[in-house]
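Following: one structure in structure tokens, then a few remarks.
The values are calculated or read from the model by the stated rules, or taken from the named source; none is laboratory data. Keep in mind it's a predicted model, so treat the numbers as computed, not measured. Here Cβ is always computed from backbone atoms with ideal geometry, including for glycine, and neighbour counts include all displayed protein chains. Surface areas here come from the heavy atoms of the whole protein model, side chains and all, with no ligands, DNA or RNA. Shrake-Rupley method; radii C 1.70, N 1.55, O 1.52, S 1.80 Å.
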Amino acid sequence: MAKAEGPIKLDNLISNLVVSKSWQSRMRLHQVFTFWDDVVGVDIARRAQPQVIRGTVLWVGVCDSIWMQQLQYERQYLLEAINLRLGEADSERDVLSGFGQQGSLRLTELRLALDPSLVNKQHQNRSASLQPLVVDQEKLTEFTRMLSSIADQELKQSMIRVWLIMHQKR
């Protein structure tokens, strides 16, 4: 084996490794992690994040079942927008690096799964955005009295939280 004549540039080494392992297409697909927020928008990005790519299927974690249902309706649109952006990235990279579109892949499917860690982030964001709550104690006491026939304490607390949120939005 011939000895290298000097230091090898790291970018050349990585480029050669990517080409020798035929990883160009796989690396291109994983660019979705870098531009997800831009493509889907702030509202969706707060509630859903890409988790993993298996083959040509993108798995997205979603904060709750309500958003999962909403995104179920938007899956095809999101998939098309992501693939369009991947195509734009191909064009830029072709010019800059000479990789070309060898084995160019597209994401073929977008699947959704509940992600509990996003639920916590969503609640933190919601809590931070709420204004200080000014509650009419008389109305709260009256509402709590109406709930007195409910035995389940957790249900009572949940109903009180909902009432407080509704009261705040008025």
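A few points about this structure:
- Test result for Val18, more than 22 Å from Pro116 (Cβ to Cβ), at pLDDT below 85 and among the β-branched types (Val, Ile, Thr): yes
- Residue count, the range 17-40 (criterion: in a helix (DSSP H, G or I), surrounded by fewer than 19 Cβ atoms within 10 Å (Cβ to Cβ) and of a type in the set (Phe, Trp, Tyr)): 2
- For the range 55-83, taking the residues that are out of contact with any Pro (no Cβ under 8 Å at 6 or more places or on another chain) and aromatic (Phe, Trp, Tyr), the one that is most open to solvent (accessible area, probe 1.4 Å) is identified as Tyr73.
- Test: residue in the range 41-54 that is assigned to a helix (DSSP H, G or I), open to solvent by 80 Å² or more (accessible area, probe 1.4 Å) and not β-branched (Val, Ile, Thr): yes
- Close contacts from the range 154-170, counting a first residue that is more than 12 Å from Asp136 (Cβ to Cβ) and a second that is modelled with pLDDT of 80 or more and open to solvent by less than 50 Å² (accessible area, probe 1.4 Å), with Cβ to Cβ under 7 Å and a gap of 6+ residues or different chains, come to Lys156/Leu147; Lys156/Ile150; Met159/Leu147.
- Positions within the range 1-53 being touching a Lys or Arg at 6+ places or on another chain (Cβ under 9 Å) and within 16 Å of Thr108 (Cα to Cα), in sequence order: Arg28, Leu29, Gln31, Val32, Ile53
- Total residues in the range 133-159 satisfying the condition of being open to solvent by less than 100 Å² (accessible area, probe 1.4 Å), assigned to a helix (DSSP H, G or I) and either among the small types (Gly, Ala, Ser) or in contact with a Leu (Cβ under 7 Å, 6 or more places away or on another chain) (or both): the figure is 4.
- Any hit, the range 34-45, residues being at pLDDT below 95, within 11 Å of the chain's Cα centre (by Cα) and of a type in the set (Gly, Ala, Ser): yes
- Check on Arg106, part of a helix (DSSP H, G or I) and either modelled with pLDDT under 60 or of a type in the set (D, E, K, R) (or both): no
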